[in-house]
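Data block below; observations after.
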Amino acid sequence: GIKLPEDVDHLAHKKNVEIICEIEFAFRRCKGKIIAVTGSNGKSTTVTMIYNILQLAGFPSFLAGNIGTPFISIVDDIQTGDWVVLELSSYQLERIDTFKPDIAIITNITEDHLARHGDMFGYIAAKGRIFENQDLNDHAIINHENFSTWRALGKCASNLLAFTTEETEALPSREVINGKFIQFFAAQNEKVLVLKKGEEMNSILPAIDLQVVGQHNIENALCSSLATYLAGVPLKAIGDALREFKGIEHRIEFLGLVNDVRIYNDSKATNVESTITALKTFTEGNLRLILGGSEKGSDFTPLWQFLQERDDGFILYLSGPSSLRMSEDLKNGNWNFNYHKFDSFDKCVMSAFNGATGGDIVLLSPACASFDEFSSFEERGQRFKKLFHKMVEEK
């Protein structure tokens, strides 16, 4: 996903030298079938759900891509008939050429990485490349409630499916998006996750049976159900696997209860929409929200608007280069928020821990990338967990 200087591209073109990305290189060697997932939020949870379902159903499968294992490192182990589940970023998709997944998914598209892609049009176009080489033997899955995923379809030639948290009674029996008929939906019917094809409905599991919380995880489960159903997994096996899924590290990860204070690690929230999604999970209780990190040029206004509408109290703890713009936003806008700004992540976190009282929630959900003090959101999350354990020992 490294952006090359323009002169390198120009020179390669002049010398008739092909430049491809690791994903493209591995794809050309891959014997198996591919489920590829991209999106602004939910990618890691969705690919992990899909992989777990395939594994528990006895399907030979691999998990790779942006989630941590390079595709190229496992490609020679993949045999004909095996499934590969890939998490892909917009950066990785920029450099594909012939890459053609059997099942391609966009979980959602919200404002992110605009410094890299220029604007939302460029970002949507980069995400949409996941569909561009598909044909009628393949399947595309989009988020019915996220219009930007519709736009990303472009001239997609594969079979179209959609997932939605809407109740089935609100869905049309036939719907066309971008000139393509949606073959069937994953949706909810009286809070039961179902697959709906025309008037026919088949149950997967009740939403209440999911161990992971939040509306966004219902979306992830619906999306994963569609993908694995297309891969041939029986619905009962899908439901059984989803019941066992406990979530992933650094995504609204519950660390513990200390003196009646609940602590959550959501370091993976590297954009505004992801943080808002996390906040929707916590509808009650005083919230101490840890924000900030490296700059990506994001507009924080939707976050401030969401917080303003929140009934319960909250205090913001800001750190990193983005904290300067955040604090300027809060001072210059009509936001009457209680916030504290710090010159380091550690000081910010410890202040939130020490200020919390019984019934409070401390949530790390930065809405920013981690590259100010850390190499990745994983390293940031691990540091948060280390500070948590230090705090527990001192109590």
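Search the stretch 333-351 for residues that are more than 21 Å from residue 286 (Cβ to Cβ) and pair each with any residue that is of a type in the set (Asp, Glu) when their beta-carbon atoms are under 9 Å apart and the residues are at least 6 apart or on different chains.
Cβ pairs passing all conditions: 344/373; 345/372; 345/373; 346/373.
In this structure, is residue 208 part of a helix (DSSP H, G or I) and under 18 Å from residue 41 (Cα atoms)? Talk me through it step by step, then tell me what you get.
Details: part of a helix (DSSP H, G or I): yes; under 18 Å from residue 41 (Cα atoms): no.
The answer is no for residue 208.
Can you name the number of the only condition in (1) part of a helix (DSSP H, G or I); (2) within 20 Å of the chain's Cα centre (by Cα); (3) not aliphatic (A, V, I, L, M) that residue 62 fails?
Result: residue 62 fails condition (1) only.
Just to be sure I understand, how many residues within the stretch 292-317 are hydroxyl-bearing (Ser, Thr, Tyr) and touching a His at 6+ places or on another chain (Cβ under 7 Å)?
Residues flagged as hydroxyl-bearing (Ser, Thr, Tyr) and touching a His at 6+ places or on another chain (Cβ under 7 Å) within the stretch 292-317 amount to 1.
Here is a check on your reading of the model: is residue 76 out of contact with any His (no Cβ under 8 Å at 6 or more places or on another chain) and over 26 Å from residue 221 (Cβ atoms)?
On the way: out of contact with any His (no Cβ under 8 Å at 6 or more places or on another chain): yes; over 26 Å from residue 221 (Cβ atoms): yes.
Answer is yes for this residue.
Name the residue that is surrounded by the most Cβ atoms within 10 Å (Cβ to Cβ), counting only residues in the stretch 171-196 that are in contact with a strand residue (DSSP E or B) (Cβ under 8 Å, 6 or more places away or on another chain) and not in a strand (DSSP E or B). Before you say what the answer is, go through the steps one by one.
Taking the stretch 171-196 first, the residues in contact with a strand residue (DSSP E or B) (Cβ under 8 Å, 6 or more places away or on another chain) are 171, 174-177, 180-196.
Then keep just the ones that are not in a strand (DSSP E or B); that gives 171, 174-175, 190-191.
Details: 171: 17, 174: 8, 175: 13, 190: 10, 191: 10.
Ranking the qualifying residues of the stretch 171-196, first place goes to 171.
Does residue 163 fit the bill of being aromatic (Phe, Trp, Tyr) and crowded, with 21+ Cβ neighbours inside 10 Å?
Numbers: aromatic (Phe, Trp, Tyr): yes; crowded, with 21+ Cβ neighbours inside 10 Å: yes.
Spelling it out, residue 163 is indeed aromatic (Phe, Trp, Tyr) and crowded, with 21+ Cβ neighbours inside 10 Å.
List, please: which pairs have Cβ atoms under 8 Å, are six or more places apart or on different chains, and start with a residue in the stretch 83-110 that is in the same structural domain as residue 227 (by TED's automatic domain parsing) and end with one that is part of a loop (DSSP other than H, G, I, E, B) and among the hydroxyl-bearing types (Ser, Thr, Tyr)?
Pairs found: 104/158; 107/40; 108/40; 109/40; 110/40.
Of the residues that sit in the stretch 71-114 and are under 27 Å from residue 18 (Cβ atoms) and among the small types (Gly, Ala, Ser), which one is surrounded by the most Cβ atoms within 10 Å (Cβ to Cβ)?
Only one residue fits best here, namely 104.
State which residue is farthest from residue 20 (Cα to Cα) when the search covers only the stretch 32-59 and only residues that are part of a helix (DSSP H, G or I) and of a type in the set (A, V, I, L, M).
56
May I ask you to verify whether residue 253 is surrounded by fewer than 20 Cβ atoms within 10 Å (Cβ to Cβ), among the acidic types (Asp, Glu) and within 29 Å of residue 371 (Cα to Cα)?
Working: surrounded by fewer than 20 Cβ atoms within 10 Å (Cβ to Cβ): yes; among the acidic types (Asp, Glu): yes; within 29 Å of residue 371 (Cα to Cα): yes.
So residue 253 passes the test.
Looking at (1) surrounded by 15 or more Cβ atoms within 10 Å (Cβ to Cβ); (2) over 16 Å from residue 265 (Cα atoms); (3) touching a Gly at 6+ places or on another chain (Cβ under 9 Å), which is the only condition residue 338 fails?
(1)
The values are calculated or read from the model by the stated rules, or taken from the named source; none is laboratory data. Quick caveat, the model's predicted, so the values are computed rather than measured. When we count neighbours, we look across all protein chains shown, and the Cβ atoms used for this are built from the backbone with ideal geometry, even at glycine.
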